[in-house]
Amino acid sequence: MSDEYSTVLGIASAKHVVKKSRFFADATEVACQQAVRTFLNDVRAQRPRASHYCYAYSIGSGTSKREYATDAGEPRNSAGPPILSVIQAQGISNAVCVVTRYFGGIHLGIGGLIRAYGQCARTCLQNATLAPRIFYQHFRCKVPYSYIGTVVTLCKRSGGDVTGMEWTPQPIIAIRIRQGAVEAFKARLQGIGILTL
């Protein structure tokens, strides 16, 4: 499993009109569900009085991956799943796409909605500037003073960073390591008698 992925840089947008219904898509990078809620609230404030705010997101990787889609009042599976399918097809992670609809007075039917929401999301993500990112795993370990330099060196050789230090009687080091290097790094720590918390 690769620990590298692409996500949306900044905010990408698109507009799509079908039989007088106007669809607006907005996508951005998110790292957690709170960031999704914040972005959704921003879109609602920017595009008030819309009839629907449908969205989907994909956060994380592997067994910790979280994906979600909502139709937000549209017929079941007609809005959120098509948006999520576009995110998945683009191979994007840690991203949310919100498609806002202003109803134009003409019913589109479930097939029409699937096509409209999917096309608007697709155009939005095609317009997006994508940025490469790396999945990291964060953890802490208790380290005797005499091993601090060794652990810091192992961390750097594994492509990681020391993100914090607690100077307690036995120091605790906070570390972030690329997901792809975590198992080898932990094995090296265990080799010198240090376990992660």
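This table checks each residue for (1) at pLDDT 95 or above; (2) surrounded by 14 or more Cβ atoms within 10 Å (Cβ to Cβ).
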{"position": "D3", "(1), (2)": "no, yes"}
{"position": "K20", "(1), (2)": "no, no"}
{"position": "V30", "(1), (2)": "yes, yes"}
{"position": "Q34", "(1), (2)": "yes, no"}
{"position": "R37", "(1), (2)": "yes, no"}
{"position": "L40", "(1), (2)": "yes, yes"}
{"position": "A56", "(1), (2)": "yes, yes"}
Q) Within region 158-180, how many residues are in contact with a helix residue (DSSP H, G or I) (Cβ under 9 Å, 6 or more places away or on another chain) and part of a helix (DSSP H, G or I)? A) 1
Q | Residue selected from region 167-178 under the condition under 28 Å from K65 (Cα atoms) and open to solvent by 50 Å² or more (accessible area, probe 1.4 Å), by the criterion modelled with the lowest pLDDT | A | R178
Q. What strands (runs of 3 or more DSSP E) completely inside region 1-81 contain at least 3 residues that are out of contact with any His (no Cβ under 6 Å at 6 or more places or on another chain) and closer than 24 Å to Q137 by Cα?
A. 4-9, 52-59, 66-70
Q: Output the number of residues of region 155-166 satisfying the condition of being within 26 Å of the chain's Cα centre (by Cα) and either open to solvent by 60 Å² or more (accessible area, probe 1.4 Å) or closer than 14 Å to R140 by Cα (or both).
A: 7
**Q.** First in region 136-159 and under 30 Å from I59 (Cα atoms), second anywhere and part of a helix (DSSP H, G or I), Cβ under 6 Å, 6 or more apart
**A.** Q137/Q179; Q137/V182; L154/R188; S158/A181; S158/F185; G159/A181
Q | Contacts under 6 angstrom Cβ, first residue in region 63-74 being under 13 Å from S93 (Cβ atoms), partner polar (S, T, N, Q), 6 or more apart | A | E67/S58
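Looking only at residues in region 84-103 that are over 17 Å from A72 (Cβ atoms) and part of a loop (DSSP other than H, G, I, E, B), which one is most open to solvent (accessible area, probe 1.4 Å)?
Looking at residues that are over 17 Å from A72 (Cβ atoms) and part of a loop (DSSP other than H, G, I, E, B), I get G91.
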Q: Looking at (1) open to solvent by 80 Å² or more (accessible area, probe 1.4 Å); (2) modelled with pLDDT under 95; (3) in contact with a Leu (Cβ under 9 Å, 6 or more places away or on another chain), find the lone condition where Y68 falls short.
A: (2)
Q) What residue, among those in region 114-154 that are assigned to a helix (DSSP H, G or I) and open to solvent by less than 10 Å² (accessible area, probe 1.4 Å), is modelled with the lowest pLDDT? A) V151
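The values are calculated or read from the model by the stated rules, or taken from the named source; none is laboratory data. The structure displayed is predicted, hence computed values, not measured ones. Please note: Cβ atoms are built from the backbone with ideal geometry, for glycine as well, and neighbour counts cover all protein chains shown. Side chains are part of the model used for accessible areas, which takes the heavy atoms of the whole protein and leaves out ligands, DNA and RNA. Shrake-Rupley method; radii C 1.70, N 1.55, O 1.52, S 1.80 Å.
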